[in-house]
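So the structure is just underneath, and the comments pick up after that.
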Amino acid sequence: MKIKFEKYSGAGNDFVVIYNSDFEPKPELIQKICDRHFGIGADGVLIIERSDKADFQVSYFNSDGSGDALCVNGARCAVMFAFQNKLCGQKCSFEFIKKIFHANVLDDFNVQLFIDYSPIIELNKEINFLDKRLITHFVDIGSRHLVINWNDFKDSYSSFLNEKDFENFDINYYGRLLRNHREFYPEGLNVNFIRQLENNKIRVRTYERGVEFETLACGSGSIASSIIAYITLKLNPPIKVITTSQKVFEIKFKELNGVINDISITGHAQKIFEGEIEL
């Protein structure tokens, strides 16, 4: 079976996009497509189909074949794909995780995505990690995220880090342990480490569940991290997020009566190439 595809990148978070195909997303096929040595190579697969409720609908699968969670960068890449393939105009709506989302294509390289529901937030969740108590923050925005302040982590685990700084500590080792921590069993979650910068900016590194590795950017992780930075570090939106790819997201939201709402994320989304793969 031959499948036509397009490859997109959202700030370095890369996706294979398949449109209106008979392709059945079996886990083993998703894994083959995403394999960076024997397939196309990607963090995940987006399947775009027509919708009777919006301009189009999106299904997303991580590189390990799992799905059923919001992927913000994937959504923004799906919007750019739909716009470039004339499925929608610069302003569009689409179905994803049984919700309707809206987005704007700003130019050839940037998409703004709106989230009109409030995330679930749990602050100052203490967990036992490597025989110490670690302060963490939990955010569910359609995908589950753990957010950890780098200063808290560095102070508690300096003997493990061996003087490694934020940019070169082994996030895949610590992220994997936290992602599979018994406190978050069985679903697991994504793990974000944040460091405050000047001028209302934060640096974020994310270990992504389903990819099981650090990705170059995570849209939902950037939103979750910005909300926690607002609450715990007193930063004010719009907050700029510096990703591992060095692309920058702008995160906006409002707080009303202690509830976060009117969330949006703006950033890079670009077609890389297209082709055909035989499965």
* Single unsatisfied condition, residue 184 versus (1) in contact (Cβ under 8 Å) with a residue 40 or more places away in the chain; (2) among the aromatic types (Phe, Trp, Tyr); (3) open to solvent by 20 Å² or more (accessible area, probe 1.4 Å) -> (3)
* Among (1) without any contact (Cβ under 8 Å) to a residue 60 or more places away in the chain; (2) over 30 Å from residue 91 (Cα atoms); (3) open to solvent by less than 70 Å² (accessible area, probe 1.4 Å), the one test that residue 137 misses -> (1)
* Among (1) in contact with a strand residue (DSSP E or B) (Cβ under 6 Å, 6 or more places away or on another chain); (2) open to solvent by 10 Å² or more (accessible area, probe 1.4 Å); (3) in a strand (DSSP E or B), which single condition is residue 54 missing? -> (3)
* To do: List every residue pair whose Cβ atoms sit under 7 Å apart, with the two residues 6 or more apart in sequence or on different chains, where the first one lies in segment 146-160 and is over 23 Å from residue 185 (Cα atoms) and the second, anywhere, is part of a helix (DSSP H, G or I) and at pLDDT below 95.
  => 154/161
* Selected residue (only one of 141, 127 is under 27 Å from residue 213 (Cβ atoms) and in contact with a Pro (Cβ under 6 Å, 6 or more places away or on another chain)) -> 141
* When you scan segment 76-91, how many residues do you find that are open to solvent by less than 50 Å² (accessible area, probe 1.4 Å) and within 22 Å of residue 4 (Cβ to Cβ)? -> 9
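The values are calculated or read from the model by the stated rules, or taken from the named source; none is laboratory data. Predicted, not measured: the structure shown is a model, and the values here were computed from it. Positions of Cβ are generated from backbone atoms using ideal geometry, with glycine treated the same way; all protein chains shown enter the neighbour counts. Accessible surface areas use protein heavy atoms only, side chains included; no ligands, DNA or RNA. Shrake-Rupley method; radii C 1.70, N 1.55, O 1.52, S 1.80 Å.
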